[in-house]
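The values are calculated or read from the model by the stated rules, or taken from the named source; none is laboratory data. Predicted model only: the values in this text are computed from it and were never measured. As a convention, Cβ positions derive from the backbone with ideal geometry for all residues, glycine included, and neighbour counts pool all protein chains shown. Remember, those area values only see protein heavy atoms, side chains included, never the ligands or the DNA or RNA. Shrake-Rupley method; radii C 1.70, N 1.55, O 1.52, S 1.80 Å.
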Amino acid sequence: MKKKEDIIKKRCITCNTEKVANTAFYMSNNDFHKIDKRFPVCKGCVKKTIDFTNLNTLYDILQQMNRPFLIEVWEAAISEAERNDRELFGLYLKSVLLNHKSLNWNDSVFDKNISDIQKSDDFNKNTDISFTVTREMIIRWGSNYEPEDYMNLEDFYTRMQLSNKIETPQEEAYLKKLAVISLKMDKELVAGKYSQVKQLGDLFSKYMADSKFRASDKTDADKSGGIRNFGTIYAEVEKDSHIPPWEEFRLVKNISQDLIDKTIMHIENFTLRLNKIERMTTPPDDTPKLQEELEQ
């Protein structure tokens, strides 16, 4: 058994939870993760990200890990998972590590008819950029990019998906626009066109704010998954606007204190109904009054 001080912890970039690195995170073959060779998203969050009815979600994870998709290994893993009630992605990854450890994403085989799996070194001899542009990428981004552009677009797109919960078509549209703007900014920066970089940067910041992808733009309701109590409602309203004092509100709306009386009655009736007690039909007499009303 390892000593307590020997247990290395790692924080998941998706759920922000600290977990034991060796057991809670998959091994990664990506140079970006070479410090501890662990994928920065925990196993639990990876499994939630993958939708097996949409293999693009699987491809995205494997590409981030720089692990290959091998159709025959995948189908064998499906059969074993169904036969022995095992977890599919972990089973597939284990088989790849045991039998195809030297292969990376560029060695992927999506078609059974391609039986000769090339080693990554052989692949790199035949291309300047070790990256395969798939049909899904062309559908997502269009056909007007170079392979390196697709690689950068896909890298930004996948990293943002892993760190944000993309649920609506609007969020998906924002994510694609941000990826394209990021790509253009990088190119203009290399070309030394700093005025264009600033314009693109301003647009990028606006889209990030509008989409609420930045942590600073998320409200407490966004972070918790919804408004949970009246206190949260008041806090959210006061954060973005001004709630005037009752006297100011009364003068603007030209209404009397009776509105408050009735509101109190409805709230108390709600409590009485919960406790199965007889309801009130008139407001209580002891509610606070405005001084001028008491004088009338």
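Below are the figures for this structure:
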item	result
Per-residue SASA entry for GLU18, accessible area with 1.4 Å probe, Å² rounded to 10	100 Å²
Within the accessible area of the range 141-216 (1.4 Å probe), percent carbon and sulfur	52 percent
Residue-by-residue Karplus 3J(HN,Hα) for the range 25-37, coefficients 6.51, -1.76, 1.60, Hz, glycine and proline x	10, 6, 6, 10, 10, 8, 4, 5, 10, 6, 5, 10, 6
Residues ASN144 and ILE71, FRET efficiency given R0 of 45 Å [Cβ-Cβ distance, rounded to 0.05]	0.95
Carbon and sulfur %, accessible surface of the range 1-108 computed with the full protein complex present, 1.4 Å	50 percent
Computed FRET value (nearest 0.05) for LEU189 with SER102, which takes r as the C-beta separation and R₀ as 35 Å	0.45
ILE78/CYS15 FRET efficiency (R0 35 Å; Cβ-Cβ; nearest 0.05)	0.80
For LYS193, solvent-accessible area (1.4 Å; no DNA, RNA or ligand), Å²	100 Å²
Cα→Cβ-extended label distance, 7 Å offset, between SER205 and THR53, nm	4.2 nm
Listed pairs LYS10/LYS184; LYS184/LYS206; LYS9/LYS165; LYS37/LYS177; LYS43/LYS165 exceeding 22 Å between Cα atoms	LYS10/LYS184; LYS9/LYS165; LYS37/LYS177
Spin-label model distance (nm) - LYS94 vs ASN269, 7 Å beyond Cα toward Cβ	6.2 nm
Rg(Cα)/(2.2 N^0.38 Å) for the range 22-109, N = residue count	1.02
